[in-house]
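The values are calculated or read from the model by the stated rules, or taken from the named source; none is laboratory data. Only a predicted model underlies this, so the values are computations on that prediction, with no experimental measurement involved. Backbone-built Cβ (ideal geometry, glycine too); neighbour counts: all protein chains shown. The accessibility values were calculated without ligands, DNA or RNA, using every heavy atom of the protein model including side chains. Shrake-Rupley method; radii C 1.70, N 1.55, O 1.52, S 1.80 Å.
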Amino acid sequence: MGNTVNASVVEGVLERITYADEKSGYTVARVDTGRGAGDLLTVVGALLGAQPGESLRMEGRWGSHPQYGKQFTVENYTTVLPATVQGIRRYLGSGLIKGVGPRIADRITEHFGVATLDVIEEDPARLIEVPGLGPKRMKKIAAAWEEQKAIKEVMIFLQGVGVSTSLAVRIYKKYADDAVTMVRERPYRLAADVWGIGFLTADRIAQAVGIPHDSPERVRAGIQHALSQSADQGHCFLPEEQLLADSVKLLQVDTGLVIDCLAELAADPEGVVREKIHRGGGEDPVTAVYLVPFHRAELSLTGRLTRLLRTPEDRLAVFGDVDWERALAWLARRTGVELAPEQRDAVRLALTRKVAVLTGGPGCGKSFTVRSVVELARAKKARVVLAAPTGRAAKRLAELTGAEASTVHRLLELKPGGDAAYDADRPLEADLVVVDEASMLDLLLANKLVKAVPPGAHLLLVGDVDQLPSVGAGEVLRDLLADGGPVPCVRLTRIFRQAQQSGVVTNAHRVNAGKPPLTQGLPDFFLFSEEDTEEAGRLTVDVAARRIPATFGLDARRDVQVLAPMHRGPAGAGALNALLQQAVTPARPDVPERRFGGRVFRVGDKVTQIRNNYEKGRNGVFNGTVGVVTDMNAEEQRLLVRTDEDEEVPYDFDELDELAHAYAVTIHRSQGSEYPAVVIPVTTGAWMMLQRNLLYTAITRAKRLVVLVGSRRALGQAVRTVSAGRRYTALDRRLAGVVGVAQLP
């Protein structure tokens, strides 16, 4: 950043940060320059790492803003420790040091006065002299001060190479004293080790520390990044030609260099795997390139499903010679309902075959079929284990069957690093494992799950194959249903009479069949027509926050969910969240709040976790978990979230980039959840995303009510557009035994 010509210098105490962009570090803040009369100066620029309460010496230039008047643009700054008792008190009480809030800061400064900071720095044991400060708190303050100092040093270095505050803190937490060495010498490792740092950030850092553009280390990292990005888009591998083209575009280097570096990665057991895949149907074989974990998982899942299907052992052998007429008659007496013929087939299949799939749309009786399978299995004293990929889906499964159900993550007790407590060496105690919402199972999770099913046990996967595929890589349910595969399945197609009266069910099936939904004269399905995307965004908020609660008596936070086709844009989840938060949880003097980057978190906010974090909660908190902020503690710098699995999970203020608001979520993120009422903006602004399975998935999330807001043209586009092509996966070919598995050197 360096000094600027004619730079001015301003000193003052940072009072508050009004806006901070975590990615660029651009900050707008108010500074008390000591002119009195509560006169605060607006400063803008890269105030990375500066905390409220700190005294700053800022270099930069004066300017003026049409709205905010005179302001100072910061080019460079240093922290000056405050010298007055008042400054020290404010500095300590700003939440900078964990465990010290305004109350404790008052006590410490009252006791030590101007010498306070010297005491904490030189002789922290003396803090015990402060009334009410025990040895435990004293140690905590001393440790926090040391960490703060170390972070500051790392920050100053990272600031020079353009890293934002929150990432700098995370780099420090990961590598501690080795942080600077790591950043200087192995910046591309950061992309693999530190959540929130992708290849592009690591590449920027590498450039700043002088790593050449054509360095093989950079090219190898770029190839792995291209594969990793394709996995984020759902692919398990990429055809080699496409990978080379993507990598050349990303790295802006010669194709020859990329080919050489790909060969080096293929020779490294932890690099990538190249494999010729014969796709059948007269198509030419494709050279697939996998990241190692996805290749291992695909082979492992194929092998384990095949073994489960073929094992002679059978933990439900009692159903091999059961009198089905009698069994089903007993079931009908118990439940008061006769099963339809295809439901009977599904029940028999689940109890006589080791692996089976049950699929079908809403209103076709999937839930009742599952309940019937569980009732019969339990009548024969079988140990039944029930799971689903999300907390909400697990809760629904438990209500349906009257038995305990958990998320797949909790069932397997996934640990830091993603290893599971239950696996092939320590299988689940189960005779029958039932997994609902199986369309959400990605390749890695499906592999972990199937590993934990004991030999001889039965596995029943239940899901709607017409919904969006999993957020993670793979399309496991679709691959299991592919022609020529060994896994038996039943597809329920008949819509039951009571379900035919539901506009939600009727329209879900219409959309799935490529017909436009009926939007007139239904009590539970509406279209608010609005061609302008921005207006549609505003109308969506009005419908969700005011009209539905007023008309249907539903709670705007708990019962109504806005589902947007995409995150960006005026009718995207990002913009709608800000507007919905204003409407549902507005700022009030008595409601605590905390700003993080461009977001403000308040007690009462509906939030969602946006990464898998195995360290949080009892067994980790996973991407897509939703909850409500129940408490905020400025002194401990922590807020509490009660998740939809009824667990209280604490978040430190520097972890808030793991949370996003969830008043509006993308349709992809809503998979596996069910809500009383759903509001869906369907606008021409989301043209690229509008596809039939996206709209179908959104409609099928609603239990009682769907409101579409937007343009009929956009709605027509969504209904007409069938999702473009399959994901790159070879699980279906492997299961059918037709993959020519020729691993390439």
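Results, tabulated for the structure shown:
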read-out	value
Cross-link reach list, lysines versus Lys354, counting only Cα pairs under 23 Å and skipping chain neighbours closer than eight places	Lys366, Lys380, Lys381, Lys448, Lys451
Unsatisfied cross-links (Cα-Cα over 25 Å) in the set Lys136/Lys173; Lys174/Lys616; Lys616/Lys703; Lys606/Lys703	Lys616/Lys703
Other-chain or far-sequence residues with amide H under 5 Å of Thr666's (modelled H)	Ala564
Fraction of beta bridges assigned by DSSP in the chain that are antiparallel (%, nearest 5)	60
With every protein chain in place, the stretch 317-362: carbon and sulfur % of accessible area (1.4 Å)	47
Euclidean distance of C-alpha centroids, the stretch 264-322 and the stretch 90-121, integer Å	60
Debye, to nearest 20: dipole size of the chain, +1 on Lys, Arg Cβ, -1 on Asp, Glu Cβ	2120
Cα-based shape type of the stretch 319-422, given that a ≥ b ≥ c are square roots of the gyration tensor eigenvalues and the cut on a/c is 1.5	prolate
Positive minus negative residues near Asp284 (Lys, Arg vs Asp, Glu; Cβ under 12 Å)	0
Accessible surface, per residue, of the stretch 505-562 when the full set of protein chains is kept, probe 1.4 Å, Å²	49
Fraction of accessible area attributable to carbon and sulfur, the stretch 167-278 (%, probe 1.4 Å)	48
Furthest towards positive pole of dipole, Leu735, Val253, Ser502, structure part the chain, Cβ charges	Ser502
The stretch 523-660, dipole about Cα centre (Lys/Arg Cβ +1, Asp/Glu Cβ -1), debye to the nearest 20	160
Sequence-separation-based contact order of the stretch 605-745, relative, with Cα cut under 8 Å and 6+ spacing, percent	17
At R0 = 22 Å, FRET efficiency that the Cβ-Cβ distance of Asp268 and Asp423 yields, to 0.05	0.30
Of all accessible heavy-atom area on the stretch 487-641, the percent that carbon and sulfur account for (1.4 Å)	48
Whole-Hz couplings from phi, Karplus 6.51/-1.76/1.60, listed for the stretch 125-131; x for Gly and Pro	4, 5, 4, 4, 5, 6, x
5 angstrom amide H check on Val641, placed H, neighbours 5+ away	Thr630, Val649, Tyr651
Under 5 Å, built H, 5+ apart or other chain: amide partners of Tyr26	Asp21
The stretch 489-551-the stretch 370-413 distance, computed between alpha-carbon centres (Å)	29
Relative contact order for the chain, counting Cα pairs under 8 Å that sit 6 or more residues apart, in percent	11
Centroid-to-centroid separation of the stretch 654-722 and the stretch 169-225 [C-alpha atoms, Å]	36
Leading residue at positive end of dipole, the chain (Cβ point charges), from Val450, Val119, Thr493	Thr493
Gyration tensor verdict on the chain (Cα atoms; rounded if a/c is under 1.5, prolate if a/b is larger than b/c, oblate otherwise)	prolate
Net lengthening on full extension, Ala736/Gln71 (0.36 nm per residue, minus Cα-Cα)	232.6 nm
Gain upon complete extension [Gln501, Thr84; 0.36 nm per residue less C-alpha separation]	142.8 nm
Cβ crowding within 10 Å averaged over residues, with 379-389, 534-544, 314-324 ranked highest first	534-544, 379-389, 314-324
Radius 11 Å from Cβ of Ala394, net charge of other residues (Lys, Arg +1; Asp, Glu -1)	-2
Relative contact order computed over the stretch 193-314 (Cα-Cα under 8 Å; 6+ residues apart), in percent	22
For the stretch 69-110, size of Cβ-based charge dipole, Lys and Arg +1, Asp and Glu -1, in debye	140
Prolate/oblate/rounded call for the stretch 604-745, Cα gyration tensor, a/c under 1.5 rounded	oblate
Dipole of the stretch 565-624, positive direction: furthest Cα of Val621, Ala571, Ala587, with charges on the beta-carbon	Val621
For the stretch 36-131: accessible area per residue (Å², 1.4 Å)	46
Charge context of Leu14, other residues only, Cβ under 10 angstrom, K/R +1, D/E -1	0
